[in-house]
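J.: There's a structure below that I have some questions on.
Only the coordinates and a few stated rules stand behind these numbers; no lab work does. None of these values were measured; they are calculated from a predicted model. Here the Cβ positions follow ideal geometry from the backbone for every residue, glycine too, while neighbour counts run over all protein chains shown.
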Amino acid sequence: MSRTTVLIPLHRSLPWVEVVERNARALAPVAHVVVSDAGEADDALAVLRDRLADVDQVSFVGRRAIDPGWVAHCNDLQASVTTEFHMWLAHDDEIGADWVVSAERELDANPAATLACGSITELPATEASSVDHQLRRVECAPELSSTDARVRAAAMLSLLAQDAAPLGLLFRSVQRSAATRPLPHREGDVFSDVVWALDVVAHAPVVVTTAVYRKRWHPDSEHASWPPLGELPGVRAEWSARAVGALNRDDAVAAVAQAWDDELAREAVALRAALAKREDEISQLHAQIEAMAATVSWRTTAPLRSLRAAMGRSHARSDGT
């Protein structure tokens, strides 16, 4: 019997049925795969039922009455899990069996941990998009597996650096079912995955695996519609409180202070680098101006120099020399 359930929520997923089928076939030997489409806005679920009819470890859940949005869909699926571990898998991303197997192994070896996570590498949305495009990679921070205070500090650093990607990565983790939490409902479901990660990490460490999750970043994805992290009002105050919520007052203050100190240090390094670059640009500009001035001076005095030379020759002839 499988120890892990892989939950694949669909929404207008016809463009991705081949990806979902590929994932299901790769994961079925090591996990129970649940393919769900609560709204059935297209025929993706029906197509996948036909394509995967020969795979015993895959089940399907269709139309049902739940709240709108991806958070409600994910939570509905999570509430149905009966296995020891589970995870969510987006319809346009890809993993291999090693993502599940290595996570189970690490969670067995670290019973205090709630999540097991590897790294993300970017898959091109299309073959053409991989040309002249530097693919992204996001690592799971090793600090997340250390002591509670450092766990929160690591979460804080991600937020204060305005980079939610390391925390968003945790949404792809294999989770210990008895210890994890539902996703929080937020307006538009914006950054619900990151806020969820903060809540989970605040109470238990994360174990890091060597497995790789292959993700597509593309304009039609859910995340692409979200505003930049820095534009969300009150994000630091709200998320900082979540990150240190399980600490006692002294440790919470220390974690926040350390995060701010680290951010100030990073900002100072960045500012010094920017100033040095600007000074170098100004020096180059001055050199160019001086070179141009010298050239202009040489050109504008050329007639005088020619006249002086001619006068010199004329004077020499009048002297008979």
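J.: Only loop residues by DSSP count here, and only those with at most 12 other Cβ atoms within 10 Å; note down the GluC sites (Glu not before Pro) in segment 27-134 that meet that.
T.: Here the GluC sites (Glu not before Pro) that fit, given the DSSP loop and packing criteria, are Glu127.
J.: Can you classify segment 19-104 as rounded, prolate or oblate using the Cα gyration tensor, where a ≥ b ≥ c are the square roots of its eigenvalues, rounded means a/c under 1.5, and otherwise it's prolate if a/b beats b/c and oblate if not?
T.: On the way: a/c = 1.81, a/b = 1.24, b/c = 1.45.
It is oblate, given that a/c is not under 1.5 and a/b is not larger than b/c.
J.: State the Cα centre-to-centre distance between segment 62-81 and segment 86-100 in whole Å.
T.: 18
J.: For the ranges 164-177, 46-59, 18-31, 264-277, what's the packing order if you count other beta-carbon atoms within 10 Å of each residue, average per peptide, and put the highest first? It would help to have the intermediate numbers written out before the result.
T.: On the way: 164-177: 22.9, 46-59: 15.0, 18-31: 19.1, 264-277: 10.4.
For the peptides 164-177, 46-59, 18-31, 264-277, the packing ranking is 164-177, 18-31, 46-59, 264-277.
J.: Which peptide among 208-216, 2-10 comes first, and what is the full order, when sorted by highest mean count of other Cβ atoms within 10 Å? List each step's numbers first, then the result.
T.: Values: 208-216: 18.7, 2-10: 22.8.
Put in order of decreasing packing, that is 2-10, 208-216.
J.: Starting from the exponent 0.38 and prefactor 2.2 Å, build the expected Rg for segment 65-105 from its residue count and divide its actual Cα Rg by it.
T.: Numbers: Rg = 12.4 Å, N = 41, 2.2 N^0.38 = 9.0 Å.
Expressed relative to 2.2 N^0.38 Å, the Cα Rg reads 1.38.
J.: Search the structure for amide H atoms under 5 Å from the amide H of Trp88, placed 1.01 Å from N in the peptide plane, and list their residues when 5 or more places away or on another chain.
T.: For Trp88, whose amide H was placed from the backbone, the distant partners under 5 Å are Leu7.
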